[in-house]
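To start, the structure under review is shown below, and the notes come after it.
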Amino acid sequence: MKTTKITIGCDHAAYNLNCKVIEHLKERGVEVIDVGTNSTDSCDYPVFAHAVCKNVQEGVTELGILICGTGIGMSMAANKHRGIRAAACSDTFSARLTRAHNNANVLCFGERVVGMGLAFDLVDNFIDTDFEGGKHQRRVDMVTDIENSESNRS
Ligand code: RB5
């Protein structure tokens, strides 16, 4: 799959890195939908996680990127959304394998954890890797089954 369009969001802790990542994506020829935040003023990461996940759920873009201080809060918020498989990564092997094996559709990382060069490599590995399917599809389906049975519990 050639990723031509992606939704990206961040909080105040990642605003600076987010701007650099957007530039990097545009240089690669990827169209970017930026849902904010738009400054380093304090804000709440779940708001932006929700905006990115909504675009992925609705198929506006197949993939999303979320950046906060650590990547963890964003991934927790993102994974509360049906159909979202978000992975917090700080190494390129994981960023590649979470596409190939987990069919992750949202990449999360932290400005306080990774530098700019590594952030670009995380993004490149993520968007350049296709899901392998096969036995991995069965496992991803099992994760979806858990999601469905949990949301049916009262
Ligand atoms: C904000 O200070 C910080 O808590 C947030 O960016 C993120 O790291 C949460 O997981």
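The values are calculated or read from the model by the stated rules, or taken from the named source; none is laboratory data. Here the structure is a predicted model, which is why all the values come from computation and not from measurement. Neighbour counts are summed over all protein chains in view; Cβ atoms, including those assigned to glycine, are modelled from backbone coordinates with ideal geometry. Accessible surface is based on the protein model in full, side chains and every heavy atom, while ligands, DNA and RNA are left aside. Shrake-Rupley method; radii C 1.70, N 1.55, O 1.52, S 1.80 Å.
General observations
- Cα centroid separation - region 99-154 against region 1-73, whole Å: 15 Å
- Stokes-Einstein diffusion for region 1-104, with the hydrodynamic radius set to the Kirkwood value over Cα pairs and evaluated at 20 °C in a medium of 1.002 mPa s, equals 157 µm²/s.
- Net dipole in debye of the chain [+1 Lys, Arg Cβ; -1 Asp, Glu Cβ; about Cα centre; nearest 20]: 340 debye
- In straight-distance terms, cross-link reach from residue 2 covers every one of the lysines whose alpha-carbon lies under 18 Å from its own, apart from those fewer than eight places away in the same chain; here that gives 26.
- Spacing of the two label points (7 Å from each Cα toward its C-beta) at residue 33 and residue 58, in nm: 0.6 nm
- Based on alpha carbons, the Rg and Dmax found for region 75-145 are 12.3, 37 Å.
- Accessible surface of the chain [probe 1.4 Å, protein heavy atoms]: carbon and sulfur percent: 49 percent
- A Förster radius of 22 Å combined with the Cβ-Cβ distance from residue 148 to residue 124 puts the calculated FRET efficiency at roughly 0.10.
- Most mobile listed residue (91, 41, 121) in the chain, GNM with C-alpha springs under 10 Å: 41
- The chain, accessible area per residue, ligands and nucleic acids excluded (1.4 Å, Å²): 51 Å²
- Summed over qualifying helices (DSSP H, 4 residues or more, each -39500 (n - 2.57)) and divided by its residue number, the chain shows a 222 nm mean residue ellipticity of -14500 deg cm²/dmol.
- Derived scalar couplings ³J(HN,Hα) [region 56-71; Karplus, 6.51 cos²θ - 1.76 cosθ + 1.60; whole Hz; x for Gly, Pro]: 6, 4, 8, x, 4, 9, 6, 10, x, 10, 10, 10, 9, x, 10, x
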